[in-house]
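S.K.: Mind having a look at this structure? Questions to follow.
Values quoted throughout were computed directly from the atomic coordinates according to the rules given, and no laboratory measurement underlies them. Everything numeric in this text was worked out from a predicted model, so none of it was measured. Positions of Cβ are backbone-derived with ideal geometry, glycine not excepted, and every protein chain shown enters the neighbour counts.
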Amino acid sequence: MKLIVRDSPPRTVWALEQAGVHPLLAQLYAARGVQSPQELDDALARLLPPSSMKGTAEAARLLADAIESDKKLCVVADYDCDGATACATAVRGLRLLGAKFVDYIVPDRVQDGYGLTPPISERVKASGADVLITVDNGIASFEGVARARALGLQVLVTDHHLCALRDGQVELPDADVIVNPNQPGCTFESKSIAGVGVMFYVLLALRAELRQRGTFDAQNQPKLDALLPLVALGTVADVVKLDTNNRRLVAQGLKRIRALVLPAGLAALFVAASREAKTATTFDFGFALGPRINAAGRLSDMTLGIECLLTDAPHRALELAKTLDAINRERREIEGSMREQALLVAESLFEASIDTPPAICVFNPEFHEGVVGIVAARIKDKFHRPAFVFATSGATGHGHELKGSGRSIAGFHLRDALDLVAKRYPGVLLRFGGHAMAAGCTILEEHFARFEQGLNEVANEWLDAATLTRRLDTDGALKPEYRRPDLVDTLHHEVWGQGFAAPTFSEELEVVSQRLVGEKHLSLKLKHQGQPVDGIWFGHTEPLPTRVKLAFRLDVDSWRGERRVRFLVEAAEST
């Protein structure tokens, strides 16, 4: 592991300090690309305008016409946290804006597969709907959209995923309206907005359209800011880049949650996860609430997650949150077992070759389809290689289908790699899609070896020694005067996440003593610039030398009523 200190441009740090930003925060922000105090202004008025997102005006007119005509609307969701929060945002928002008939359908991961398929379109039609609205999916659902249109449904696609390519050209489904910042011709600056954010922007445009039609005025219009806690959760849980606009959306959602102005389901999820809503952080979204909602889509029915986010009854919300918590515990058990098996397979690949393979592909017929993505992420983290994990999906007329989920490392665009494999090995990939860091695909079991060969060929060509060197960007040494509980609280209060990493410091420390706790964690007594401080390295059992350069985050530990800073060790620099 190589620990790299981020560069903090001195002039930018000075400008931020002059604007009243704390010196430590000024250093951290400058190192993450913030160039002016204006970027730190999280006011709603600072959000990018809905008019700059292609398709929002047309979507607003379509929905306004539907509401005025009392048409029935049906939202087709996705089965992850972004899809669930986007669905709840759509249903709640449309009802706030006057829609009388709003329902939703969420595909089953195993039975239906991903996105808007023809059978899902038929179910929407059978439900009596007139308008079909996709959230967090649909941009590659050509057959599903075509079937819906053939059935007489109006189709609004809202999505944020990359568009499909055919012969190098972007291909779009034949929907009535498409809202996606990543479609050709869209000038919306925040290309990393999550699916829930796209739907929120559609609702903002719809409110403006209804205001223009005289349905209500600026004084008595519905307040859509009540939806921001859902937008914040979905944005962080989907691990999209927290650019300036996304940080504003998340900050606004956190403000409302901390003021305890949040949907009953979110409040119940905080209780089920043993977290405090009044001190909510992005960490809670990513590691406590998000996984509990995701677990429903992985092992059960995402309807449970969506209903939890839709209900306004506290007792019902708590009941659903406890169910989601139980499903998440089951998910962790299955994931743990699968991870052990997958790591054994991956390690055997290393033993069988002179060189470490550039990409790792693992398949086991006993794997559960719902957690392959999580296991792929664990393998990627352990070996610092792009990783795909496959599970059996079901039998077809051509043989058994395998569904795989992949996670990548910086410098290796996974969706583009799949596209190249598809071109070089025609017929191997039945379906695929995704992003740079995460992607999914479907193949036949008999083609697993060819897929593995193709992915490794691409990885061999694209990955170099620098890319394959495990590195961690840090914020350098921590000044002793900043090692204070109140300052740690300040850091935790800020918005951190993908592309805007939480503060991680690095410097040489003295290890005074060390011992194992719980058989798998290393408890440490350290000296930081001559002063004692406790530390812990979760999931690490190897002893450390007396002096070692460590990367660490800051945490506050309470002991007998006293709050003390402790270091959460992330990595040690190898020599």
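S.K.: How high is the FRET efficiency between residue 123 and residue 525 when r is their beta carbon distance and R₀ equals 60 Å, given to the nearest 0.05? All intermediate terms of the calculation are to be shown ahead of the outcome.
M.R.: Details: r = 60 Å, r/R0 = 1.00.
The computed FRET efficiency comes out at 0.50.
S.K.: While we're here: Return 570, 446, 507, 481 ranked ascending by Cβ neighbour count within 10 Å, so the fewest neighbours appear first. Don't skip to the end; give the middle numbers.
M.R.: Working: 570 19, 446 12, 507 16, 481 9.
Least crowded to most crowded, the residues run 481, 446, 507, 570.
S.K.: On a C-alpha basis, how far is the centre of region 147-202 from the centre of region 220-298 in Å? Whole number, if you could?
M.R.: The distance from the Cα centre of region 147-202 to that of region 220-298 comes to 24 Å.
S.K.: Residue by residue through region 301-306, what is 3J(HN,Hα) from phi via Karplus (6.51 cos²θ - 1.76 cosθ + 1.60, θ = phi - 60°)? Round to whole Hz and write x for glycine and proline.
M.R.: Working through the residues one at a time gives 10, 5, 4, 4, x, 5 Hz.
S.K.: By how many nm would the segment from residue 70 to residue 191 lengthen if fully extended, with 0.36 nm per residue of separation less the alpha-carbon distance? Mind showing how you got there, number by number?
M.R.: Working: separation 121, 0.36 × 121 = 43.56 nm, distance 3.34 nm.
Contour length minus the Cα-Cα distance gives 40.2 nm.
S.K.: Hey, fewest Cβ within 10 Å first, where do 1, 338, 302 land in order? Each step should come with its number before you reach the end.
M.R.: Details: 1 14, 338 22, 302 25.
If I rank by nearby Cβ atoms, fewest first, I get 1, 338, 302.
S.K.: Also, I was wondering about something else. Along Cα→Cβ, 7 Å out, is where each label goes; now give me the distance between the ones at residue 574 and residue 453 in nm to one decimal.
M.R.: Label at residue 574, label at residue 453, 3.1 nm between them.
S.K.: Next up: If you take the square roots of the eigenvalues of the alpha-carbon gyration tensor of the chain and sort them as a ≥ b ≥ c, do you get rounded (a/c under 1.5), prolate (a/b over b/c) or oblate? It would help to have the intermediate numbers written out before the result.
M.R.: On the way: a/c = 1.73, a/b = 1.22, b/c = 1.41.
Note, shape of the chain comes out oblate.
S.K.: For the pair residue 493/residue 61, report the inter-label distance in nm, with labels modelled 7 Å from Cα in the Cβ direction.
M.R.: With each label point 7 Å from Cα toward Cβ, the separation is 4.6 nm.
S.K.: Report the FRET efficiency, 1/(1 + (r/R0)^6), for residue 170 and residue 17, where r is their Cβ-Cβ distance and R0 is 41 Å, rounded to 0.05. Intermediate results must be reported in sequence, preceding the final value.
M.R.: Working: r = 45 Å, r/R0 = 1.09.
Calculated transfer efficiency: 0.35.
S.K.: What nm value, rounded to one decimal, do you get for the distance between residue 319 and residue 255 when each label is placed 7 Å out toward the C-beta?
M.R.: Rounded to a tenth, the inter-label distance reads 3.6 nm.
S.K.: How high is the FRET efficiency from residue 332 to residue 36, r the C-beta distance, R0 60 Å, rounded to 0.05?
M.R.: Values: r = 43 Å, r/R0 = 0.71.
Result of the calculation: an efficiency of 0.90.
S.K.: Something else about it: Determine, for 36, 141, 393, the number of other Cβ atoms within 10 Å of each Cβ, and report the residues in order from fewest to most. Mind dumping the intermediate values first?
M.R.: Values: 36 11, 141 26, 393 19.
Ordered by Cβ neighbours within 10 Å, fewest first: 36, 393, 141.
S.K.: Between residue 507 and residue 464, 0.36 nm times their residue separation minus their Cα-Cα distance comes to what?
M.R.: Contour length minus the Cα-Cα distance gives 12.7 nm.
S.K.: Taking amide hydrogens as modeled 1.01 Å from N in the peptide plane, which residues meet the under 5 Å criterion relative to residue 548, leaving out close sequence neighbours?
M.R.: 509, 511
S.K.: A further question on this structure: Does region 471-572 come out rounded, prolate or oblate, given a ≥ b ≥ c as the square roots of the eigenvalues of its C-alpha gyration tensor, rounded meaning a/c under 1.5 and, failing that, prolate meaning a/b above b/c?
M.R.: rounded
S.K.: Also: Setting aside same-chain residues fewer than 8 positions from residue 403, which lysines have a Cα under 20 Å from its Cα?
M.R.: By straight Cα distance, residue 403 reaches 380, 423.
S.K.: May I pose another question? Output ³J(HN,Hα) for region 281-290: one whole-Hz value per residue in order, computed from phi by the Karplus curve 6.51 cos²θ - 1.76 cosθ + 1.60 with θ = phi - 60°, and x for Gly and Pro.
M.R.: Per-residue couplings from phi come out as 10, 5, 4, 4, 5, x, 10, 10, 6, x Hz.
S.K.: What does a probe at residue 564 reach in region 462-490, counting residues whose amide N is under 13 Å from the point 7 Å along Cα→Cβ?
M.R.: Those under the cut-off are 485.
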